[in-house]
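Notes follow the structure.
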Amino acid sequence: MSTTTIKAFGTQSPKDDLKEIKIERRAVTANDIEIEILYCGVCHSDLHTARNDWGGTVYPAVPGHEIVGKVTSIGAGVTKIKVGDYAAVGCLVDSCRTCASCKEDLEQYCLNGFVGTYNGKDKHLGTQTFGGYSEKVVVDEHFVLKVPANLNLAATAPLLCAGITTWSPLKHWKVGKGSKVAVVGLGGLGHMAIKLAKGLGAEVTLFSRTPSKTKDAMELGADAVVISSEEKQMSEVKGKFDLIIDTVPYVHDVNPYIATLSVSGTLVLVGYLGPLEPIINTVPMILGRKSIAGSLIGGIAETQQMLDFCGEHNIVSEIEIIDMQDINAAYERMLKSDVRYRFVIDMASLKK
Ligand code: NAP
Ligand code: ZN
């Protein structure tokens, strides 16, 4: 299959910094769309992958799954979009499209394994997939999203992962007017969870370890902020929330949050992947019919619905634009929870 060599930013090992490398992109096939990448958001999953936190990273690794850009070429069979349109790609670039999950528009739960935008198994080239820290991307039209025309393009990029990852549980657990929602952690996912839950009409509380984020949280739309290390504040919200979205990236004690769920409430983990410590006490769960759940990004149709909702409600991410060359410093700030509230790479900087 013919390919073109393009510039990207990637890493060769968990310990190396990201730097400029060359990767191959396939020529467009009948159903493909080629996008010149204009902006790419920086997700904490990019850092987890670059540093092999989850195991299984294939090197070189090129992260980036919050992609927006301009369509530069389309295959003969493409009907969704035309050359010159703005388009977006999130965390998925392929799936089997025949299993029960795919048939229900749940490509993220493909029973035969979805293909991630990076570190996935590229069905065309046989290598790993390479993400959005690059000049362009070639993706099957089914996995390409349309961008609402009224939204700022750079600030739209984070919707493709931080947005959909928090939107999907809000919709699945039927959050609407009057729902009481809490969000744990004010980072990329957390700030989108606040905005989207507010957009759906919920009353929203933020749990944070960082008192200096209180003012920002209120400006983002939170109705209240609870500092999670303050026992008195935690006890004041006992039994309150219908849904808690926990975005914390590392192992942490979830028992104090379970105490704040209402009867039949659900704590949905979207951040940390791995065994939880300390052990979860089932007593409050049994006595209050409470659930602990997980959730992975969202399907393609759902992602388009989320983007359209954001277009109607003028919802975008709060961003700090960086150059591609600043990515290693950005990762260090992310590790210190010092992101307000999503880094977005101006991909024009890759041409420097
Ligand atoms: P982020 O911007 O770094 O935000 C994470 C926030 O969690 C921080 O700002 C901080 O908020 C809090 N936090 C960080 N370390 C903590 C610790 N040790 N204990 C307690 N709180 C801590 O990260 P993100 O991009 O939002 O991603 C969050 C997690 O979701 C990552 O692990 C990422 O891989 C994962 N993720 C999952 C999915 C999915 O589909 N399930 C999709 C995308 C990302 P405060 O300062 O307010 O405490
Ligand atoms: Zn992500």
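Here's the yes/no breakdown for (1) touching a residue at least 12 places away in the same chain (Cβ under 8 Å); (2) more than 15 Å from the chain's Cα centre (by Cα); (3) within 16 Å of ligand 1 (Cβ to nearest atom); (4) surrounded by 23 or more Cβ atoms within 10 Å (Cβ to Cβ):
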position	(1), (2), (3), (4)
Ile322	yes, yes, yes, no
Ala329	no, yes, yes, no
Leu335	yes, yes, yes, no
Phe343	yes, no, yes, yes
Ser349	yes, yes, no, no
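Would you check which residues across the stretch 24-58 are under 22 Å from the mean Cα position of the chain (by Cα) and assigned to a loop (DSSP other than H, G, I, E, B) and list them? Listed by number, the residues that qualify are Cys43, Arg51, Asn52, Asp53, Trp54, Gly55, Gly56, Thr57, Val58. In the stretch 328-349, which residues are hydrophobic (A, V, I, L, M, F, W, C), over 29 Å from Thr260 (Cα atoms) and in a helix (DSSP H, G or I)? Within the stretch 328-349, Ala329, Ala330, Met347, Ala348 meet the criteria.
For the stretch 156-174, filtered to residues that are more than 11 Å from ligand 2 (Cβ to nearest atom) and in a loop (DSSP other than H, G, I, E, B), the residue that is surrounded by the most Cβ atoms within 10 Å (Cβ to Cβ) is Trp173. Residues in the stretch 35-58 that are among the charged types (D, E, K, R) and under 29 Å from Lys82 (Cα atoms): Glu36 alone.
When the test is whether a residue is away from ligand 2 (no atom under 16 Å from the Cβ), in the same structural domain as Ile345 (by TED's automatic domain parsing) and part of a loop (DSSP other than H, G, I, E, B), Lys177 does not pass it.
Here is a yes/no grid of residues against (1) touching a Pro at 6+ places or on another chain (Cβ under 9 Å); (2) within 19 Å of Arg209 (Cβ to Cβ):
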position	(1), (2)
Ile258	yes, yes
Ser262	no, no
Gly288	no, no
Ala301	no, no
Cys310	yes, no
Ile321	no, no
Asp346	no, no
Lys352	no, no
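Considering the conditions (1) touching a His at 6+ places or on another chain (Cβ under 9 Å); (2) within 16 Å of ligand 2 (Cβ to nearest atom), Glu277 is excluded by exactly one of them, (2).
Considering the conditions (1) over 15 Å from Gly64 (Cα atoms); (2) modelled with pLDDT of 95 or more, Val344 is excluded by exactly one of them, (1). Across the stretch 57-87, the number of residues qualifying as out of contact with any Leu (no Cβ under 9 Å at 6 or more places or on another chain) and within 16 Å of ligand 2 (Cβ to nearest atom) comes to 2. For first residues located in the stretch 226-237 and assigned to a loop (DSSP other than H, G, I, E, B), partners that are hydrophobic (A, V, I, L, M, F, W, C) and lie 6+ apart or on another chain with Cβ distances below 9 Å form the pairs Ser228/Val184; Ser228/Phe207; Ser228/Met234; Val237/Ala182; Val237/Phe207; Val237/Ala224; Val237/Val226; Val237/Ala259. Within the span defined as the stretch 39-48, every residue fails to be in contact (Cβ under 8 Å) with a residue 12 or more places away in the chain and either on the phi > 0 side of the Ramachandran plot or not assigned by TED's automatic domain parsing to the domain that holds Leu335 (or both).
Restricting to the stretch 35-52, name every residue that is away from ligand 2 (no atom under 13 Å from the Cβ) and not β-branched (Val, Ile, Thr). Result: Glu36, Leu38, Tyr39, Arg51, Asn52. A search for C-beta distances below 6 Å between a residue of the stretch 204-215 that is under 14 Å from Thr260 (Cβ atoms) and any residue that is more than 6 Å from ligand 1 (Cβ to nearest atom) and part of a helix (DSSP H, G or I), counting only pairs 6+ apart in sequence or on different chains, returns Val204/Ile194; Val204/Ala197; Val204/Lys198; Leu206/Ala217. Listed conditions (1) outside any helix (DSSP H, G or I); (2) touching a strand residue (DSSP E or B) at 6+ places or on another chain (Cβ under 9 Å); (3) closer than 30 Å to Asp94 by Cα are all met by Leu151, apart from (2).
The values are calculated or read from the model by the stated rules, or taken from the named source; none is laboratory data. Just so you know, these numbers come straight off a predicted model, no measurement behind them. Don't worry about glycine lacking a Cβ; one is built from the backbone with ideal geometry, like all the others, and counts go over all protein chains shown.
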